[in-house]
Amino acid sequence: MTISQKILASHCNKRKVFQGEFIECDVDLILANDITGPLAIEEFEKVGGKKVFNPEKIVLVPDHFTPCKDIKSAELVKKLREFSKKYKVKFYEIGQVGIEHALLPEQGLTLPGQLIIGADSHTCTYGAVGAFSTGVGSTDVAYAMITGKLWFKVPETIKFFYYGKLNKFVGGKDLILYTIGKIGVDGANYKSMEFTGPIIENLPIDDRFTICNMAIEAGGKNGIIKPDKITQEFLNEVGVNFNIDKNLSTDNENDYEKIVEIDVSEIEPQVAAPHLPSNSKSVREYTDIKIDQVVIGSCTNGRISDLRKAANILRGKKVHSEVRCIIIPATQKIYIQALKEGLIDIFLCSGCVISPPTCGPCLGGHMGVLAKGEVAIATTNRNFIGRMGHPESYVYLSNPEVAAASAIKGKIVHPEEI
């Protein structure tokens, strides 16, 4: 079996599960946010739910429109707050909150071998620690909150093997953008995307989170990386006493539907043009794309290593006079660390604005919505029509260094130009 099959089999009391088989599994962790959580609560109440199966295995994270931008968003968070009090489930609000997919691993809630579901499509992020983690609907979350179970179709697995030597300014964001560009936004529909090879084995955990986060942008059911010493170091760092199962790996090459090999030495920093993440090509191919806004943050690239990369570019420089640059640390802990390291000072002196942890502009929610005709480059994960505001605005996706360099120049540029 593949890693994903092994995890699913262990959660439905079967020795083996087969690709394409329908199964019902016990879930280890259930996540919902301020958009999807209230819908799940409504369904929970509609079917007469009286208690949750295990309050320790449910997490509610208001992060999309928080700090609450209006009355409607405040009411949504209030609904989560009241539900969490009534059923004693985990709830992270302002002062403790972070962007959900950065917060949960930081809290030590996501572990290798777990089966995790979330009412958010980027729940696939936790495959970076070797969990089978996938997004589901709010009704699925309601059912799982009551029963602790959910049905799955066992996915086929595509192996992505990365080899070669990474070029300067190329990291996890560039690898996944290049991969999506190679196979398309439907290239892994309902497949498990397993990321392997010598490059992945040496890739820092933050870059792994970025790669697995965007598996859904290729249609993937989940993204997953075999847990190893880097995973173990991360778990130790967040205070989790957990020993990795050495058998949590794919058994042999025949278990894969297909294998995609990628020579990373051919990959330059990537930029995905509107309006699909698959419109990815080298930053060098963008010669005169002027920008109005830069966003550095999100569940994809708002971690401390991302902020360090951006600060290294912005240090001693000024953001272009016609550009707005918004920096969003993904969690309170990351914000504090950025303060300690002097990164926040660098950003402020460069002319950036610092946002509290929030999804905010990524989904066109608040803290940086685009007007008609405006152009942004962002470290977020989606650039669909109207994603960050007006339907006639334009979003380009990149890594933090490209975004920071572009903020200085006022147009999309390679970081080497700074």
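The values are calculated or read from the model by the stated rules, or taken from the named source; none is laboratory data. From a predicted model like this one, the values you see are computed outputs, not experimental measurements. Positions of Cβ are backbone-derived with ideal geometry, glycine not excepted, and every protein chain shown enters the neighbour counts.
Here are the numbers for this structure:
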| read-out | value |
| --- | --- |
| Given (1) outside the structural domain of Gly164 (by TED's automatic domain parsing); (2) modelled with pLDDT under 95; (3) of a type in the set (Asp, Glu), index of the condition Glu285 fails | (2) |
| Residue in the stretch 115-124 that is more than 17 Å from Ile35 (Cβ to Cβ), touching a residue at least 60 places away in the same chain (Cβ under 8 Å) and in a strand (DSSP E or B) present | yes |
| Test: residue in the stretch 240-259 that is part of a strand (DSSP E or B) and touching a residue at least 40 places away in the same chain (Cβ under 8 Å) | yes |
| Single residue of Lys90, Lys72, Lys57, Lys14 found to be assigned by TED's automatic domain parsing to the domain that holds Thr250, touching a residue at least 60 places away in the same chain (Cβ under 8 Å) and basic (Lys, Arg) | Lys57 |
| Which numbered condition Thr125 misses (of (1) under 21 Å from Ile244 (Cα atoms); (2) touching a Gly at 6+ places or on another chain (Cβ under 7 Å); (3) not acidic (Asp, Glu)) | (2) |
| When residues of the stretch 317-345 are limited to those that are in a loop (DSSP other than H, G, I, E, B) and closer than 17 Å to Pro67 by Cα, the one nearest to the chain's Cα centre (by Cα) | Ala330 |
| Pair list, Cβ under 6 Å, 6 or more apart: the stretch 340-359 residue closer than 17 Å to Ala330 by Cα, other residue part of a helix (DSSP H, G or I) and of a type in the set (Gly, Ala, Ser) | Leu343/Ala311; Ile344/Ala338 |
| Single residue of the stretch 82-108 satisfying the filter (in contact with a helix residue (DSSP H, G or I) (Cβ under 8 Å, 6 or more places away or on another chain) and part of a helix (DSSP H, G or I)) that is surrounded by the most Cβ atoms within 10 Å (Cβ to Cβ) | His101 |
| Among the residues listed as Ile377, Ile385, the single one being part of a strand (DSSP E or B) and in the same structural domain as Gln293 (by TED's automatic domain parsing) | Ile377 |
| Options Ile344, Ile336; residue that is modelled with pLDDT of 95 or more and either closer than 16 Å to Gly410 by Cα or surrounded by 19 or more Cβ atoms within 10 Å (Cβ to Cβ) (or both) | Ile344 |
| Filter result for the condition that a residue is in the same structural domain as Glu253 (by TED's automatic domain parsing), within 19 Å of Pro329 (Cα to Cα) and either at pLDDT 95 or above or of a type in the set (Ser, Thr, Tyr) (or both), over Phe209, Phe195 | Phe209 |
| Per-region count, the stretch 269-305, residues out of contact with any strand residue (DSSP E or B) (no Cβ under 9 Å at 6 or more places or on another chain), under 23 Å from Tyr126 (Cβ atoms) and part of a loop (DSSP other than H, G, I, E, B) | 0 |
| Test: residue in the stretch 109-130 that is at pLDDT 95 or above, buried (at least 19 other Cβ atoms within 10 Å of the Cβ) and touching a Lys or Arg at 6+ places or on another chain (Cβ under 7 Å) | yes |
| Residues satisfying the stated conditions in the stretch 157-172, i.e. in contact with a strand residue (DSSP E or B) (Cβ under 7 Å, 6 or more places away or on another chain) and either closer than 24 Å to Val413 by Cα or surrounded by fewer than 19 Cβ atoms within 10 Å (Cβ to Cβ) (or both) | Phe161, Tyr163, Gly164 |
| Test: residue in the stretch 179-195 that is outside any helix (DSSP H, G or I), under 18 Å from Asp251 (Cβ atoms) and of a type in the set (S, T, N, Q) | yes |
| Residue in the stretch 289-304 that is touching a Lys or Arg at 6+ places or on another chain (Cβ under 7 Å), buried (at least 17 other Cβ atoms within 10 Å of the Cβ) and in the same structural domain as Gly127 (by TED's automatic domain parsing) present | no |
